[in-house]
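Quick notes on the structure that follows.
The values are calculated or read from the model by the stated rules, or taken from the named source; none is laboratory data. Only a predicted model underlies this, so the values are computations on that prediction, with no experimental measurement involved. Methodologically, a virtual Cβ is constructed for each residue, glycine included, from the backbone with ideal geometry; neighbour enumeration extends over all protein chains shown. For accessibility, only protein heavy atoms count, side chains too; no ligands or nucleic acids. Shrake-Rupley method; radii C 1.70, N 1.55, O 1.52, S 1.80 Å.
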Amino acid sequence: MTRASSDALVDVLVVGAGAAGMMAAIEAGRRGRRVRVVDHADRPGEKIRISGGGRCNFTNLGCGPANFLGENPRFATSALRRYTQHDFVKRIDRAGIAWHEKTLGQLFCDDSAKQIVRMLTDDMAAAGVVLSLKTGVTRIERSGEGFTAILSDGSQVTAMSLVVATGGKSIPKMGATGWAYEVARQFDIRVTETRPALVPLTFEAGLLETLTPLAGVAVDASVASAPEGAKARKASFNEAMLFTHRGLSGPAILQISSYWREGEAVVASMAPGRDVFEELKAAKASNGKQAVHTALGHIVPRRLAESLCQREGASGNLADLSDKVLRRLDQAVNAWAVKPVGSEGYRTAEVTLGGVDTAALDQQTMQAKAIPGLYFIGEAVDVTGWLGGYNFQWAWSSGWAAGQVC
């Protein structure tokens, strides 16, 4: 792409060459605005490239405001409705990128996530956007009605509009920082509490020791949050759950992690929709000499069945066990309440929960209400989606919204 001069004047400076930043830059460039994008990484769209196992879960057919968290999740409504998942699919189709739907409306590239990165960089080039990689921002200053950015190479850029698209704190090995929050605070914009989200949960050492034999076991489960108090963030998800050497992972756990808080339990049903008591009772009637762990192993994975039987003190043949013991096994399978001690943190979190306070932003433009020309988009904002392409759609939608006016 075109090289920028050492001291440049542009209409729009976008900080962050991720999904939201590139989307905003394209839209602004297509309006004839002089746009420059800077990013400290050596390649654009790194989170796009690694997502979805390298195939990028780029949106979700069921995307809507109900799939998002934040102090005001309705804030996302305007951008999501004005630039929808169907709009982005049309963009993908025009670029000739083949895609397929997996479970629960999740859309992935047939080939490689690099195709989406290439589509975005090609669109930026066509719109005259200047992309500067390996270039960080060391300082932002208000300059008249615009902004001056001092860059890591010593040069400076003056722009009428500044778009902050640097994401949150998740996956620091990719260079993620809380820089967007620092900019917000510099301009007296509140930042809500931030924490890792869509992240595996961890157990204390004693519990881990008893569950170590289950590492690698996966089950289809219904996992619910079980917060205490009247203002509960009650939520549940029906997806796969995976036992790990640290605790629990899998889609159902990643989903519930956004709602879970320290000191609270999660409740897992590991044979959802099945009456374990009645099935064991029927097995007892038809073949009472069958070992209880064998019978339970027809309902849940064998290793899990053995662990649950051991934990509940259920051993021997079905014929020797009372209904009370069978009911305990039913509870152990479909009402397992467990308190994680924490999560794996930002190291493995897919996104950051919380961020720039949406009360300070215009929901149609993403512009800071008190600072004309300053925009926050994507993961930097206190809008966090479920697992399954929702956060990418927020990036496309919020970037598009800012790009129409910045």
Report task. Leaving out ligands and nucleic acids, note down the accessible area per residue over the stretch 72-184 with a 1.4 angstrom probe, in whole Å². Result -> 45
Report summary line: With a 1.4 angstrom probe the carbon and sulfur portion of accessible area for the stretch 118-189, in percent, totals 46
Query raised in the report: Under the definition of Cα pairs under 8 Å and six or more residues apart, what whole-number percent is the relative contact order of the chain?
Result: 25
Query raised in the report: Roughly speaking, what is the stretch gain from M174 to L208, that is 0.36 nm per residue apart minus the C-alpha to C-alpha distance, in nm to one decimal?
Result: 9.3 nm
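Pairs of alpha-carbon atoms within less than 8 angstrom and 6+ residues apart define the contacts here; what relative contact order does the stretch 179-283 have, in percent?
30
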Query - Spin-label pair T158/K234, simplified geometry with 7 Å Cα→Cβ offset, distance in nm - result: 5.8
Report task. Report, to the nearest 10°, how far helix 19-30 tilts away from the longest principal axis of the Cα atoms in the chain, using its own Cα long axis and a range of 0 to 90°. Result -> 30
Requested in this report: Quote the charge dipole size of the stretch 181-243 about the Cα centre in Debye, to the nearest 20; the model charges only the Cβ of Lys and Arg (+1) and of Asp and Glu (-1).
Outcome: 300
Query raised in the report: If you wrap a convex hull around the C-alpha atoms of the chain and split its volume per residue, what is the figure in Å³?
Result: 141
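Quick check on the chain: helices-only [θ] at 222 nm, where DSSP H runs of length 4 and up contribute -39,500 (n - 2.57) each and the sum goes over total residues. Nearest 500, please.
Per the formula, -8500 deg cm²/dmol.
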Report summary line: Taking Cα pairs closer than 8 Å and at least 6 residues apart, the relative contact order of the stretch 96-224 in percent is 9
Requested in this report: Summarise the long-distance tail of P(r) for the stretch 33-151 by giving the % of C-alpha pairs beyond 16 Å.
Outcome: 71
Query raised in the report: In nanometres, what is the gap between the two model label sites at K134 and D110, each 7 Å from Cα along Cα-to-Cβ?
Result: 3.7
Report task. Report, ordered by chain and residue number, the lysines lying within cross-link reach of K284, taken as a straight Cα distance under 24 Å and ignoring same-chain residues fewer than 8 apart. Result -> K324
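Quick one: accessible area per residue over the stretch 300-406, 1.4 Å probe, rounded to a whole number of Å²?
Result: 36 Å² per residue.
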Report summary line: Computed over the chain: longest principal axis from alpha-carbon atoms vs helix 390-403 long axis, angle to nearest 10 degrees, is 20
Query raised in the report: In the stretch 361-392, which residues have a backbone nitrogen under 16 Å from the label point lying 7 Å from K102's Cα in the Cα-to-Cβ direction?
Result: 386-392
Report task. Against the globular-protein guess of 2.2 N^0.38 Å, express the Cα radius of gyration of the stretch 277-348 as a ratio, rounded to two decimals. Result -> 1.31
Query raised in the report: Counting Lys and Arg as +1 and Asp and Glu as -1, what is the net charge of the other residues whose Cβ lies under 9 Å from the Cβ of G167?
Result: +1
Report summary line: Taking every other residue with Cβ under 13 Å from the Cβ of C56 and scoring Lys and Arg +1, Asp and Glu -1, one gets +2
Query raised in the report: Of all the accessible heavy-atom surface of the stretch 270-406, with the other protein chains kept in place and a 1.4 Å probe, what percent is carbon and sulfur?
Result: 49
Requested in this report: Please determine, in degrees from 0 to 90 and to the nearest 10, the orientation of helix 302-311 with respect to the longest principal axis defined by the Cα atoms of the chain, where the helix direction is its Cα long axis.
Outcome: 70
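Sort 196-204, 271-279, 41-49, 161-169 by packing, meaning the average of other beta carbons within 10 Å per residue, with the highest value first.
Taking the mean over residues of other Cβ atoms within 10 Å, the ranking is 161-169, 196-204, 41-49, 271-279.
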**Report entry** Where N is the number of residues in the stretch 70-109, Cα Rg divided by 2.2 N^0.38 Å
**Finding:** 1.45
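Between beta-carbons, use under 13 Å as the cut-off and find the net charge around V219, counting Lys and Arg +1, Asp and Glu -1. Could you put the intermediate results ahead of the total?
Working: positive: R274, R302, R303; negative: D220, E239.
Neighbourhood net charge equals +1.
Here are some pairs, K102/K134; K114/K169; K90/K369; K114/K134; K134/K169; which of them have Cα atoms lying more than 30 Å apart in this structure? Numbers along the way, then the final one.
Values: K102/K134 35 Å; K114/K169 23 Å; K90/K369 32 Å; K114/K134 19 Å; K134/K169 19 Å.
Result: K102/K134; K90/K369 exceed 30 Å.
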